[in-house]
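Report on the following structure.
The values are calculated or read from the model by the stated rules, or taken from the named source; none is laboratory data. Nothing here was measured: the structure is a model prediction, and the numbers come from that model. Methodologically, a virtual Cβ is constructed for each residue, glycine included, from the backbone with ideal geometry; neighbour enumeration extends over all protein chains shown.
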Amino acid sequence: MEMTHVNVPPVNHVKVLDGQGWVGLIDKLGTETTIVNAARVSFGKIREEMNDNDVKLLHYLIDNRHTSPLEHIVFTFSVHCPLFVRGQWHRHRTWSYNEISRRYTEIDMEFYVPPKLRVQAENNRQASVACESFEDDALRELIRKQNEASLKAYEDLLAAGVCREQARGVLSQNMMVTFWATVDLSNLLHFLELRDSDHAQWEIREYAKAIKKLIKPVIPHVAGYFEAKGQIW
C-alpha cells in the first residue's frame, strides 16, 4: 500500500495563515450521545440518540463545569504550522503529540512569511497590534530572505557532513512543522477558550478558529451552547 506524505493535508482540513498552514481532523472517538450516556452511567441507563432533555443535560454539564463526561470524546488533528506556533501549542500538556523530526529527514522544508506584519503594542510587551498604514512589503521580503538564508546554511552544513540533529539548529523559527495532536473534548474546549481570544497571538488564533469549523459537525449542540453565549463557532 502506498504511503501518504505527512505534509499533505488530510481530506477534512481547513487552511490558515493565508494558505501557508492547515489543520485537519484525522480521527474522532465518541459523539454527543456519548457525553450524556457517560453522565447518566450511575443510573445504569444508555440512550441511542439525543433528545431535547439530553441537550438540556449537555448544557447543564458545561454550565456547571461538570466536564468529566466530555472527556469521553477524543479528537486527533494533523497540524501544519510555524515552529513558534508549535511552541505555544505544546504548552497545553493535556494533549498528546508526535511530529516530523528533522533528525530523520530534510525533505519538504517550508517557511512561513506573515501575510501582514503587525506593530508592537505600546502597553503590552507580549502583544501586537494590526496597523493598516504600516508599510511592510520590504520588511516581509527581509523575512523571506532570512528564511532562505537559514535554509542555505542548513544545506551547506549537511553537504559538509554535519549531522542533521546539529545542522537543524540554524533553521528559522518560521520553519513549518507538521505534528499530530490528540485531545479530549473537555481539554479542547479549554484550549479554544484561551487560543480563540483577543489575548492570543493572531497565528495560533487562526488554528483555534479552524478547529471550531472542523468539530462543529461532530458536536453541534456543544457549539450551539457557546453560540448562545455570543461566541463565534
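Among the residues of segment 105-122, count how many are of a type outside the set (Phe, Trp, Tyr) and part of a strand (DSSP E or B). So the count comes out to 2.
So, of the residues in segment 166-178 that are under 16 Å from Ile107 (Cβ atoms) and in contact (Cβ under 8 Å) with a residue 24 or more places away in the chain, which turns out to be farthest from the chain's Cα centre (by Cα)? Selected residue: Arg168. Take the conditions in a loop (DSSP other than H, G, I, E, B), in contact (Cβ under 8 Å) with a residue 40 or more places away in the chain and of a type in the set (Gly, Ala, Ser) and apply them to Ser133. Does it pass? Taking the combined requirement at face value, the residue does not satisfy it.
Against the test of being at pLDDT 95 or above, touching a strand residue (DSSP E or B) at 6+ places or on another chain (Cβ under 8 Å) and among the aromatic types (Phe, Trp, Tyr), the options Phe134, Phe111 yield a single qualifying residue, Phe111.
Under the condition of being among the aliphatic types (A, V, I, L, M) and under 11 Å from the mean Cα position of the chain (by Cα), which residue from segment 192-213 is farthest from His80 (Cα to Cα)? So that I can check it myself, show each step before the final result.
Within segment 192-213, the first condition is being among the aliphatic types (A, V, I, L, M), and the residues that meet it are 192, 194, 200, 204, 208, 210-211.
With under 11 Å from the mean Cα position of the chain (by Cα) added as a condition, the list becomes 192, 204, 208, 210-211.
On the way: Leu192: 18, Ile204: 11, Ala208: 13, Ala210: 12, Ile211: 13 Å.
Among them, the one singled out is Leu192.
When Glu49 is tested against (1) more than 20 Å from Ile215 (Cα to Cα); (2) more than 23 Å from the chain's Cα centre (by Cα), just one condition goes unmet, and that condition is (1).
Can you find even one residue in segment 74-83 that is within 17 Å of Ser186 (Cβ to Cβ) and either among the acidic types (Asp, Glu) or surrounded by fewer than 20 Cβ atoms within 10 Å (Cβ to Cβ) (or both)? For segment 74-83, residues within 17 Å of Ser186 (Cβ to Cβ) and either among the acidic types (Asp, Glu) or surrounded by fewer than 20 Cβ atoms within 10 Å (Cβ to Cβ) (or both): present. The set of residues in segment 107-125 that are exposed (fewer than 13 other Cβ atoms within 10 Å of the Cβ), closer than 18 Å to Pro82 by Cα and free of Cβ contacts under 8 Å to residues at least 60 places away in the same chain comprises Ile107, Lys116.
Kindly check whether there is at least one residue in segment 25-47 that is in contact with a strand residue (DSSP E or B) (Cβ under 9 Å, 6 or more places away or on another chain), crowded, with 19+ Cβ neighbours inside 10 Å, of a type in the set (Gly, Ala, Ser) and within 30 Å of Tyr112 (Cα to Cα). Checking segment 25-47: not a single residue is in contact with a strand residue (DSSP E or B) (Cβ under 9 Å, 6 or more places away or on another chain), crowded, with 19+ Cβ neighbours inside 10 Å, of a type in the set (Gly, Ala, Ser) and within 30 Å of Tyr112 (Cα to Cα).
In a residue-by-residue description of segment 58-71, the property of being in contact with a Lys or Arg (Cβ under 8 Å, 6 or more places away or on another chain) and either surrounded by fewer than 19 Cβ atoms within 10 Å (Cβ to Cβ) or assigned to a loop (DSSP other than H, G, I, E, B) (or both) applies to no position.
Taking the criterion of being outside any strand (DSSP E or B), hydrophobic (A, V, I, L, M, F, W, C) and closer than 30 Å to Leu117 by Cα, the residues of segment 166-192 that qualify are Ala167, Val170, Leu171, Leu188, Leu189, Phe191, Leu192. Within segment 147-165, if we keep just the residues that are under 28 Å from the mean Cα position of the chain (by Cα) and surrounded by 14 or more Cβ atoms within 10 Å (Cβ to Cβ), the residue that is farthest from Val113 (Cα to Cα) turns out to be Arg164.
Quick one: in segment 54-113, of everything that is under 14 Å from the mean Cα position of the chain (by Cα) and aliphatic (A, V, I, L, M), which residue is nearest to Val222 (Cα to Cα)? Break it down stepwise before answering.
Of the residues in segment 54-113, the ones under 14 Å from the mean Cα position of the chain (by Cα) are 75-99.
Keeping just the survivors that are aliphatic (A, V, I, L, M) gives 79, 83, 85.
Numbers: Val79: 23, Leu83: 31, Val85: 26 Å.
Selected residue: Val79.
Just to check your reading of the model, which residue among Arg93, Arg125, Arg102, Arg144 is more than 24 Å from Val14 (Cβ to Cβ), part of a loop (DSSP other than H, G, I, E, B) and modelled with pLDDT of 90 or more? If you could, list the steps in order and put the result at the bottom.
Values: Arg125 fails: modelled with pLDDT of 90 or more; Arg102 fails: modelled with pLDDT of 90 or more; Arg144 fails: part of a loop (DSSP other than H, G, I, E, B).
One residue alone meets the criteria, Arg93.
Consider only pairs whose beta carbons are under 9 Å apart and that are at least six residues apart or on different chains; among these, list those whose first residue lies in segment 31-49 and is modelled with pLDDT under 85 and whose second residue is basic (Lys, Arg) and part of a loop (DSSP other than H, G, I, E, B). Cβ pairs passing all conditions: Ile46/Arg40; Arg47/Arg40.
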